[in-house]
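I have placed the structure first, in the form of structure tokens, so that the comments after it can refer back to it.
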Amino acid sequence: MALDHVLKWYAETIRSPYLHYGYWDEPDQVDPEAIGLADIARAQERYITRLAEVIPDSVHSILDVGCGIGGNAAFLRDRGYAVEVLSPDKYQEEVIMERFQQRLPFHRTRFEDFVPARSYDLVLESESAAYIKPKPGFAAAGRCLRPGGYLLVSDYFIIYDDQSDSPHLRGAHRLETYKREAETAGFKLLEERDVTAHILPTLKTATAFVERFIYPTSDYILYTLRRKHPRILAGLRWLGQSLWDRKQKQLQLIDSEAFLTYRRYKFFLFQLGDKPVT
Ligand SMILES: C[S@@+](CC[C@H](N)C(=O)[O-])C[C@H]1O[C@@H](n2cnc3c(N)ncnc32)[C@H](O)[C@@H]1O
């Protein structure tokens with residue numbers, strides 16, 4: 001994949017330097033109807049703040065895998081870590097090159113294919129773990145880390161499978177399988193933090209936005225076409241129905257109740273043993 005258009009769309013609309021769900025300290029106090037883009041950006045900064053609290057004191061060098069557009073890397077660099085970043089995405093590379101002017105070492109590759117020229121104290125996978133197959137992903141982390149180095153993962157995982165066609169059952173790893181693969185690859189689980197409650201307000205806000213702006217806007221466009229251009233509407237319906245159905249299904253991904261049924265959001269801190277299994 002040279003360019004992920006969905007991530008590009010998030011970057012260009014939310015206009016924060018982060019591409020993750022954000023973190024809400026007091027999720028019960030959040031009113032999704034009252035949230036604006038600045039609140040989302042603040043929640044995203046809080047997310048990397050909370051995640052960085054898990055980083056052990058002995059860590060100096062970090063490889064940020066699936067770095068997005070560099071928000072996490074900038075945050076960590078500002079706190080004194082020596083950071084390098086990695087992503088297979090051309091658009092993200094361009095944004096990072098422009099923002100950091102060559103001062104942030106960037107590796108454009110899939111993590112699975114990365115051949116490190118040095119070793120790192122910690123590999124960070126902030127919402128990129130779901131994109132990387134566990135076995136080659138843990139093998140790559142093993143190649144990149146010094147003995148006793150750390151792998152910090154934050155992402156959503158599948159906890160329940162009813163064999164339905166829910167989109168929540170795709171694009172994420174099974175939680176127990178992931179932990180088993182980590183152990184097989186020589187990683188010890190030091191910490192597991194369930195932060196599901198703290199990311200849900202972002203989904204609720206996205207749902208409120210779709211219900212408030214997207215549905216009424218599409219109703220209005222349909223109404224106008226029906227009145228003024230019925231032939232165009234018929235043609236579009238014929239062309240676009242299956243696309244529309246697919247997009248409707250994807251909207252289930254922002255349904256917080258469905259998320260709670262199928263997924264959990266976790267912070268995992270793993271430590272590589274002295275003798276990694278290859
Ligand atoms: C949801 S974004 C998260 C970005 C960033 N870590 C953050 O927290 O803002 C997922 C990231 O994983 C990257 N990615 C996708 N497949 C990858 C792979 N095979 N190896 C490394 N990164 C990958 C995407 O390009 C993107 O940078």
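The values are calculated or read from the model by the stated rules, or taken from the named source; none is laboratory data. Worth saying up front: this structure is predicted, and the values here are computed from it rather than measured. Heads up, the Cβs are rebuilt from the backbone with ideal geometry, glycines too, and the neighbour counts pull from every protein chain shown.
Does Arg77 satisfy the criteria of being in contact with a strand residue (DSSP E or B) (Cβ under 9 Å, 6 or more places away or on another chain), free of Cβ contacts under 8 Å to residues at least 60 places away in the same chain and part of a helix (DSSP H, G or I)? The answer is yes for Arg77. For region 172-211, the set of residues classified as assigned to a helix (DSSP H, G or I) and acidic (Asp, Glu) consists of Glu176, Glu181, Glu183, Glu211, listed by residue number.
Evaluation of Ile69 against the conditions (1) at pLDDT below 95; (2) surrounded by fewer than 20 Cβ atoms within 10 Å (Cβ to Cβ); (3) within 14 Å of the ligand (Cβ to nearest atom) shows that the sole unmet condition is (2). Just one of the listed residues (Asp64, Asp57) is away from the ligand (no atom under 11 Å from the Cβ), among the charged types (D, E, K, R) and either in a loop (DSSP other than H, G, I, E, B) or at pLDDT 95 or above (or both), namely Asp57.
The number of residues in region 1-32 being more than 16 Å from the ligand (Cβ to nearest atom) and free of Cβ contacts under 8 Å to residues at least 60 places away in the same chain comes to 4. If the condition is being surrounded by 17 or more Cβ atoms within 10 Å (Cβ to Cβ), more than 13 Å from Asp155 (Cα to Cα) and out of contact with any helix residue (DSSP H, G or I) (no Cβ under 6 Å at 6 or more places or on another chain), then region 121-134 contributes Asp121, Leu122. If the condition is being exposed (fewer than 11 other Cβ atoms within 10 Å of the Cβ) and in a loop (DSSP other than H, G, I, E, B), then region 16-30 contributes only Glu26. Of all residues in region 108-120, exactly one satisfies the criterion of being more than 8 Å from the ligand (Cβ to nearest atom) and crowded, with 20+ Cβ neighbours inside 10 Å, namely Tyr120.
So in region 72-91, with the set limited to residues that are of a type in the set (Asp, Glu) and either more than 7 Å from the ligand (Cβ to nearest atom) or outside the structural domain of Pro116 (by TED's automatic domain parsing) (or both), which one is nearest to Val115 (Cα to Cα)? Of everything passing the filter in region 72-91, Glu84 is nearest to Val115 (Cα to Cα).
Of all residues in region 8-31, those satisfying the criterion of being at pLDDT 90 or above, over 22 Å from Tyr131 (Cα atoms) and not charged (D, E, K, R) are Trp24, Pro27, Gln29. Assess whether Glu45 counts as being of a type outside the set (A, V, I, L, M), out of contact with any strand residue (DSSP E or B) (no Cβ under 8 Å at 6 or more places or on another chain), in the same structural domain as Tyr120 (by TED's automatic domain parsing) and loosely packed, with under 15 Cβ neighbours inside 10 Å. For Glu45, the condition - of a type outside the set (A, V, I, L, M), out of contact with any strand residue (DSSP E or B) (no Cβ under 8 Å at 6 or more places or on another chain), in the same structural domain as Tyr120 (by TED's automatic domain parsing) and loosely packed, with under 15 Cβ neighbours inside 10 Å - is not met.
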